[in-house]
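A short worksheet on the structure shown next.
Values quoted throughout were computed directly from the atomic coordinates according to the rules given, and no laboratory measurement underlies them. The shown structure was predicted, so the numbers you read here are calculated from the model rather than taken from an experiment. For neighbour counting, all protein chains shown are included, and Cβ atoms are generated from backbone atoms with ideal geometry for every residue, glycine included.
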Amino acid sequence: MSSQPKAAHFSAWQRWTEGPRLNHASLIETLDGGQAFRWARYPDYLEGRWSDQVFRIKVAPGSSDLLEYSVPVSPEPTHALNALKHYFACAVDFAHHTDCLPWRSDPVLTTAIQAFPGLRILRQPFAECLFSFLCSSTKQIPQIKAIHEIVATTLGSQLPDGSHRLPTWPQIAAAGEAPLRAAKLGYRARYIYQTAEYIATAGTDWLREVEAMPTELARAELLRLPGVGRKIADCVLLFGAGRLDAFPIDTWVEKILTRAYQLEGWKLPQLQQFANAHFGPLSGYAQQYLFAAARAGKIAS
DNA sequence: GCACAGGTAGATT
DNA sequence: AATCTACCTGTG
């Protein structure tokens with residue numbers, strides 16, 4: 001075959017002194033807890049990719065919650081640290097946002113926050129985030145990650161370290177539905193290909209414009225895409241556009257709301273309204289705490 | 001073999 | 001307008 005992945009050489013570990021402070025559990029949950037699907041866990045670090053970036057990240061050994069990162073050694077100058085800051089949404093004061101959540105009157109939320117202190121909402125590339133969650137319906141996280149690897153390897157451009165990035169939407173449109181089927185996407189392959197066609201027709205700036213729209217308008221635009229319903233639209237807005245007021249309700253969150261908040265029998269639109277009213281304008285951030293805590297068995301679900 | 005998994009869209013009631 | 005059901009594939 002054409003090109004084997006090279007054994008990439010990584011830089012020495014750099015202390016990210018201005019970066020967010022996260023303990024091990026919260027770091028893992030942030031990067032590999034269902035927001036993003038291109039992180040792999042190794043004994044001493046996580047390795048992941050987005051856009052044309054490749055990073056290894058860990059909590060500094062022995063230190064309290066300070067992060068360290070390492071990148072593939074490259075002959076080209078790199079803007080890696082700026083990319084990392086953007087990905088971690090370092091301009092966002094999550095500590096303040098956490099304090100603004102209604103935990104004082106909500107013991108479930110308090111428990112969830114205590115389980116994953118400092119948990120963050122990533123700011124992923126909008127286009128990649130849309131792809132990711134189009135892959136996600138009725139799939140478990142390990143499967144979604146496996147699909148991402150296949151699609152990146154077969155359709156995405158090669159990076160300097162020999163691995164591959166996710167394909168762009170024009171690349172997906174050009175490739176057609178067949179390679180998506182081959183990536184085990186099943187019925188999602190048609191949605192993804194049709195979405196690629198839609199984006200191609202709508203023009204090159206459409207995604208960028210949608211990302212910049214107010215949340216409700218952006219959601220309405222995303223809902224025009226085949227395969228994108230309310231849940232996927234809200235995931236893209238939350239994890240790919242920094243909209244902390246977007247509250248995706250999946251089967252986990254539905255169970256949390258019905259059981260821990262005793263809302264048995266409520267339908268999705270009602271639960272959506274409850275979430276907005278109860279958790280407020282940062283409801284999406286609350287959702288991530290609850291989702292993480294439920295998966296960890298810390299709260300009823 | 002069969003139910004179920006980070007849903008959505010189209011059909012049916 | 002609310003409630004089924006088909007859609008792919010891997011896993012238990």
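For this structure, a couple of remarks:
- In chain A, the calculated helix contribution to ellipticity at 222 nm averages -14000 deg cm²/dmol per residue, counting -39,500 (n - 2.57) for every DSSP H run with n ≥ 4.
- Distance violations [Cα-Cα > 22 Å] among A:Lys145/A:Lys184; A:Lys184/A:Lys298; A:Lys231/A:Lys267; A:Lys58/A:Lys139; A:Lys231/A:Lys255: A:Lys184/A:Lys298; A:Lys58/A:Lys139
- Scanning chain A for long hydrophobic helices, with DSSP H runs required to stretch 20 angstrom or more by C-alpha along their axis and to average at least 0.5 on the Kyte-Doolittle scale, returns A:141-155.
- By average C-beta atoms within 10 angstrom, highest first, the peptides A:274-282, A:76-84: A:274-282, A:76-84
- Simple spin-label estimate for A:Ala175 and A:Glu76 gives 2.0 nm between the two label positions (7 Å along the Cα-to-Cβ direction from each Cα).
- Candidates A:Gln143, A:Gln262, A:Gln158: whichever shows maximal mean-square fluctuation once chain A is modelled as a Gaussian network with Cα springs under 10 Å: A:Gln262
- Global geometry of chain A, whether rounded, prolate or oblate, following the gyration tensor of its Cα atoms and the 1.5 cut on a/c: oblate
- Whether segment A:148-244 is rounded, prolate or oblate, judged on the alpha carbon gyration tensor where a/c under 1.5 counts as rounded: prolate
- Contour excess over end-to-end distance, with Cα ends at A:Thr251 and A:Arg208 and 0.36 nm allotted per residue: 12.5 nm
- Fully extending the segment from A:His9 to A:Ala40, taken as 0.36 nm per residue of separation minus the present Cα-Cα distance, adds 9.5 nm.
- Put simply, when A:214-226, A:144-156 are sorted by average Cβ atoms within 10 angstrom per residue, most first, you get A:144-156, A:214-226.
- A compact globular protein would have a Cα radius of gyration near 2.2 N^0.38 Å; the ratio found for segment A:56-211 is 1.27.
- For a label point 7 Å along the Cα-to-beta-carbon line of A:Gln114, residues of segment A:273-301 with backbone N under 19 Å: A:286-301
- Segment A:Ala300-A:Tyr187, extension gain: residue separation times 0.36 nm, minus the distance between their alpha carbons: 37.5 nm
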